[in-house]
Structures are given as C-alpha cells and as structure tokens.
Amino acid sequence: MSNTETFYQVMRRQGITRRSFMKYCSLTAAALGLGPAYALQIAHAMETKQRTPVIWLNGLECTCCSESFIRSAHPLVKDVVLSMISLDYNELLMASAGHQAQAALEASMENHWGQYILAVEGNPPLNEDGMFCISGGKPFVEKLKKSAEGAKAVIAWGSCASWGCVQAARPNPTQAVPIDKVITDKPVIKVPGCPPIAEVMTGVITYMLTFDRIPELDRQRRPKMFYSQRIHDKCYRRAHFDAGQFVERWDDDNARKGYCLYKVGCKGPTTYNACSTVRWNEGISFPIQSGHGCIGCSEDGFWDHGSFYDRLTNVNLFGIEKNADRVGMAAAGVVGTAIAAHAAVSAIKQTTQRKKKEAEQERNS
Amino acid sequence: MALEKNLTPEDSHERVRRQTAVYVYEAPVRLWHWITAFGVLTLVITGFLIGRPPPSVSGEAIDHYLMGYIRFAHFAAAYVVTLAFIGRIYWAFVGNHHSRELFLVPIHRKRWWGELWHEIRWYLFLERTPRKYIGHNPLGQLIMFGVFVVGMVFMIITGFALYSEGTGVGSWQDQLFGWVIPLFGQSQDVHTWHRLGMWFMVIFVLTHVYVAVREDIMSRQSMTSTMLSGWRLFKDDRPD
C-alpha cells in the first residue's frame, strides 16, 4: 500500500487524462450540489492529499448497502475504491479471507490509528453478550468497539447502523441497536436508507476527503446536503397532490395516469432522502416513478408502523395496534354514548324533580 | 363590572352569590373564545381531510388546487388560533381574576377541593342541588386546564413542528419546533400524535358543548349567554 501517492498520481498511473480528471472533479462538485468554483478545490485536494484509509465493517445486515455502493455512477465506484480511498478492509470486495483478512484489518488499524474512517454497515446485537452476530470468532460488538477507538470519524451506512432497521423490529429478540448506542465518543454520521442511494454514499465520502471534515449534519446526524428535504418536497407527482388527484386503488385509471400515491400509503411526505432528486441507478428512476409509494426506508422505525400501504399508520400503545382514526373514533364514540346516557338520566332527573316540586306546591296551596 | 367593583375580594363570596348578575368574561376573553371555537372547528375539518383526502378530482392538475386550499385553510386557522391563544395568555396577566382561571388551578385551597368533590357528586347524580359559581366550577376548571390548555399547547407544538417541515431547515418554525420530530421518532410519528391530539380535542368539544348546555338548563347560573354578553346571571338568590 503506497501511502505517499496522492489521488491525482493514482489516477494518472491508471491512464486517466488530466482532462478526464477535471471532468470528474466538476461532476463530483455538481453531485454534491456545490458551485463550479468547488471543482477546482476538489482538483486541488485530489492533487495534494493522500488517500484516506477506510475500514468497512459488516454487522447484522443484508449487504444491500454494499450492493448499492458498488453501483455508484457519479463518481464511479471504481474511482472511489481504487483512486480516492484506500479501502483496507471490506468483506464483500476484498480478495483475502479468514486469517489473512483479519490480519489486514489489524495491520490497517495499527498503521493508521486515529486516521482512518470507519464505515459500518449493519448493527450489533447486544443480547446474549452479542452472540447473535459472530465475526472472526468474536461477537461483532467487540470488533466494532475496537475499530471505533482508532477511527477519525464513523459513518453509519444504511438504516441498520443508523436506526436499527428490520432486525430491531418489535420485539427485537437479538436486541439489535443502532451503532451510536455503542459508539458514544466519536462523531457518527448517519446515512440512512435501505439501502442508501449509491451517489449519496460516495458523495459523503468524497465530501469528507475533499474538505477533510465531516459534512454539516442535521439534528438526527444526517448530512444536510442529502437529507434536508422530504421526497414529497421534490416529487414530480406533487402537482397531483396539491390538485387533489390521487391513486385510489392500485389498479385504477388514476394509477395509470400517474396521480399522487398519498392515499395508498406513500411515505414521501414524511421521509427525508434524496430519491426524488438524485434517483437510482444512474438517475433512471425511483420507487414513486415506478408507480409504487415510498415506504419511508430512511426513517427511524419505518419497519414498525404497520402496513406500507396505509396513509395513517399504526399507533403502538398499551398493546393496541390501530391507526389514530380508529383509536380516536372509538374514544369519541365511547364519550358520545356516555354523554347521551348522561343527558338521558339528567332529563329524567329534571322532570321528576319538577313533578315533585309541582306536587309539593299543590299540596301547599 | 360595576357590581363586582363594589365588592372587596375577600368578603365577597356570600355577597356576590346573592347578586343576580356579575360581569365575568371581559370582551377580549369572549372574542378569544369564539375565534378559538370557529378556528378549532376549521382545524378539525381540514385536518381530518388532510389525513383522509376527499375523492380525487378529474381533469388536469393545473385546473385544481383542492389539497392546496385545504392545507392553506388549516395553516391559516392554525396561525389565527395560536395568535389568539398567545393573546389569551397575555390577557390572563392584565384581565380580571376570572381570566386567570384557565391557567391557574387553585389546588392549594381546601375549599376548592371540597367544591370539586361536590361537583363530581353532582355529575354522578348524587347531589340534589348544584352550587353557585361565579367563574368556572372546580371540575370545569380542572378539565379546562388539564384537557383544553394542555391539549392546545400540545397541538400548537406538534403542529408547528410539522409545519416546519414545509418551511424548511433554518426557518424560525424549524428553529423553535424542529426538535419535536426526533423526540417522537420521526415525522410520521408526529403526524400520528397530532391526529390523536385532534381526536382528543374533538372529545373535549363534545363534552364542553354538552356540559355548557346542561348547566344552562340544570345549574343555577347562566352559561351560554355569559360567553356572549359577559354577564353571569343567577336564577335564584339563595347564597349557596
């Protein structure tokens, strides 16, 4: 591993022309939503900075984050992996296995202690001392804690590492927790989504390499540049929402006309992600464009809210699993009935008292 | 107002209750009440439709703005009700002592507890005759604070948190209320709780209207007309 080489040198060595290199810098700046002047800054950083070592760990997960990552188009993932970062450990992509892989991890941690970025895909289960996820013969949570100690920054890839995701669904038998419950002394950048968009993943890495700092984060520690707006805010079907034109059933004419999917449970209005702008697979499409509502996969707890096809999702309180309208209407019904009964008794009381009074008055007169 | 001004606060109870009319609700309080009443009605109807939109309209999207208008009505009514509520809090400082009943429940007074118990028994049909009250009866006051004021504060906070999602990161709504969303988990959870809050307010309105009408008929003082004229009229001159 040649740590003295800069990004630019690596790219030139691979036969990339300066012209292509500059194009690449411009595209990256555009993908990050930065102005044209930043393309030069990116180029300058690439010419002068050494590649940053990245250690990529996989815990309890499905590898969909890695699958997404390797499909990044802007920048191409091969550029990220071969030129921009020094991906020292990644179970999906690395050639070595077993003790050899383990040795690579330890060597990288030792050589770059305090310098590397730890990227975590998946999360640690804590129940039974972490025995539900064993990696390298040890509970994953131990490997995670140890690697986090020497990390400069930690990236939580996907909804597993960020929120817990499906394996943390009620009743969460393995007690899977988001990584920031375990790593409490390091900045954790959350890049949620199941999986996150490939360009968002590479975009976050590129930003960190270029500016040598973590991107600006929101309250939930997500990079603002990709997670500050809802799918709904930039959805191309938004006009149909405002007009009041909805898909009522999956097979109706409105579905064919491409109306808003709000009524069939689209979570676009409550989901912060870049799907409606960046889209997927080189910007070809995204769920709503394919005619299916957003399921809100980048939001905390999306897996525990009942059907993906309900507008009003379930309340999970005191063992009740009903939506707010069912709970509210039932309560209003009970109170309404009680009021009617109370009114009836009051009326009876009022009349009997009046009759009694009248009788008394008659007796007196 | 004149009648009340003739009385000193302490000796008053006996004497006031012998009066047949007392000025209770000052004009700003009455105005606030009816603004809030119509505002909440608008909010419940439009809020219900935001969660369950009306059937789709046909034709071109450019010719319609139905959801847009429903949402506009909701947000406009929300601003009106919120500003009126802030005004009402201000009036609690400068208005007469009845204007503070909504916010300060006198749980430290023994007499209040006694009257509360009496009122509960009256509603359970265990008391033959109700007592006289110039302002709220203790049960009414407790519900007004515990259900209405708390409910309003909850709806205003969660409502502005949801509104901040549209106005965007960095807006004043986001800076003041944005913290609410991670507190509940995510946006959808806040939506759910805001809707539960709507039903909570619906139940409050049902009960409020019922007891107001019932008290008008069965109690010994005026109710509905008091919120229009401000004057509390007593139906008899027995002191208690």
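Quick notes
- Flag for residue B:65 being within 23 Å of residue A:264 (Cβ to Cβ) and modelled with pLDDT of 95 or more: yes
- Subset of the stretch A:269-305 [assigned to a loop (DSSP other than H, G, I, E, B) and hydrophobic (A, V, I, L, M, F, W, C)]: A:274, A:284, A:286, A:294, A:295, A:297
- Residue match in the stretch A:225-245 (condition: more than 9 Å from every other protein chain (Cβ to nearest Cβ) and aliphatic (A, V, I, L, M)): yes
- Exactly one residue out of A:156, A:161, A:243 is modelled with pLDDT of 95 or more, buried (at least 21 other Cβ atoms within 10 Å of the Cβ) and not assigned by TED's automatic domain parsing to the domain that holds residue A:73: that is A:243.
- Taken as a whole, the structure places residue B:171 among residues that are within 14 Å of chain A (Cβ to nearest Cβ) and of a type outside the set (A, V, I, L, M, F, W, C).
- Check on residue A:47, assigned by TED's automatic domain parsing to the domain that holds residue A:201, free of Cβ contacts under 8 Å to residues at least 60 places away in the same chain and not basic (Lys, Arg): yes
- Filter pass, residue B:209 being within 11 Å of another protein chain (Cβ to nearest Cβ) and open to solvent by 50 Å² or more (accessible area, probe 1.4 Å): yes
- Residue check for residue B:31: farther than 15 Å from residue A:246 by Cβ and either out of contact with any helix residue (DSSP H, G or I) (no Cβ under 6 Å at 6 or more places or on another chain) or open to solvent by 30 Å² or more (accessible area, probe 1.4 Å) (or both): yes
- Every residue from the stretch B:195-206 that is over 21 Å from residue A:313 (Cβ atoms) and either free of Cβ contacts under 8 Å to residues at least 24 places away in the same chain or facing chain A (nearest Cβ under 7 Å) (or both): B:203, B:206
- Qualifying residue in the stretch B:165-174 (condition: open to solvent by less than 40 Å² (accessible area, probe 1.4 Å) and under 22 Å from the mean Cα position of the chain (by Cα)): no
- Among the residues making up the stretch A:27-48, those that are among the small types (Gly, Ala, Ser) and open to solvent by less than 60 Å² (accessible area, probe 1.4 Å) are A:29, A:31, A:35, A:39, A:43, A:45.
- In the set B:139, B:162, B:116, only one residue is assigned to a helix (DSSP H, G or I), out of contact with any Cys (no Cβ under 6 Å at 6 or more places or on another chain), within 14 Å of chain A (Cβ to nearest Cβ) and within 25 Å of residue B:206 (Cα to Cα); that residue is B:139.
- Just one residue in the set A:190, A:234 is within 30 Å of residue A:131 (Cα to Cα) and of a type in the set (Lys, Arg); that residue is A:190.
- Residue list for the stretch A:107-134, restricted to those being part of a helix (DSSP H, G or I) and surrounded by 12 or more Cβ atoms within 10 Å (Cβ to Cβ): A:107, A:108, A:109, A:111, A:127, A:130
- In the stretch B:226-240, the residues that are touching a strand residue (DSSP E or B) at 6+ places or on another chain (Cβ under 7 Å) and open to solvent by less than 50 Å² (accessible area, probe 1.4 Å): B:226, B:230, B:232, B:234
- In summary, residue B:57 fulfils each of the numbered conditions (1) within 14 Å of another protein chain (Cβ to nearest Cβ); (2) assigned to a helix (DSSP H, G or I); (3) surrounded by 16 or more Cβ atoms within 10 Å (Cβ to Cβ); (4) among the aliphatic types (A, V, I, L, M) with the single exception of condition (2).
- Within the stretch B:185-194, considering residues that are open to solvent by less than 20 Å² (accessible area, probe 1.4 Å) and in a helix (DSSP H, G or I), the one farthest from the other protein chains (Cβ to nearest Cβ): B:190
- Which listed residue is exposed (fewer than 15 other Cβ atoms within 10 Å of the Cβ), charged (D, E, K, R) and in the same structural domain as residue A:214 (by TED's automatic domain parsing), from A:143, A:138: A:138
- All conditions in (1) buried (at least 16 other Cβ atoms within 10 Å of the Cβ); (2) over 30 Å from residue B:71 (Cβ atoms); (3) within 14 Å of chain B (Cβ to nearest Cβ) hold for residue A:170, with the sole exception of (1).
- Residues located in the stretch A:293-324, provided they are acidic (Asp, Glu) and more than 7 Å from chain B (Cβ to nearest Cβ): A:304, A:310, A:321
- Odd one out for residue A:67, checked against (1) among the acidic types (Asp, Glu); (2) out of contact with any strand residue (DSSP E or B) (no Cβ under 6 Å at 6 or more places or on another chain); (3) under 22 Å from residue A:9 (Cα atoms): (3)
- Which listed residue, of B:108, B:98, is under 18 Å from the mean Cα position of the chain (by Cα) and either away from chain A (no Cβ under 14 Å) or aliphatic (A, V, I, L, M) (or both): B:98
- Lone unmet requirement of (1) buried (at least 16 other Cβ atoms within 10 Å of the Cβ); (2) touching a Leu at 6+ places or on another chain (Cβ under 9 Å); (3) closer than 22 Å to residue B:48 by Cα; (4) within 11 Å of chain B (Cβ to nearest Cβ) for residue A:339: (3)
- Test result for residue B:127, of a type outside the set (Lys, Arg), within 14 Å of chain A (Cβ to nearest Cβ) and buried (at least 19 other Cβ atoms within 10 Å of the Cβ): no
- Inside the stretch A:77-105, residues that are part of a helix (DSSP H, G or I), of a type outside the set (D, E, K, R) and free of Cβ contacts under 8 Å to residues at least 40 places away in the same chain make up a count of 8.
The values are calculated or read from the model by the stated rules, or taken from the named source; none is laboratory data. Computed from a predicted model, the values in this text were never measured in an experiment. Glycine gets a Cβ as well: all are built from the backbone with ideal geometry, and neighbour counts include every protein chain shown. Accessible surface areas use protein heavy atoms only, side chains included; no ligands, DNA or RNA. Shrake-Rupley method; radii C 1.70, N 1.55, O 1.52, S 1.80 Å.
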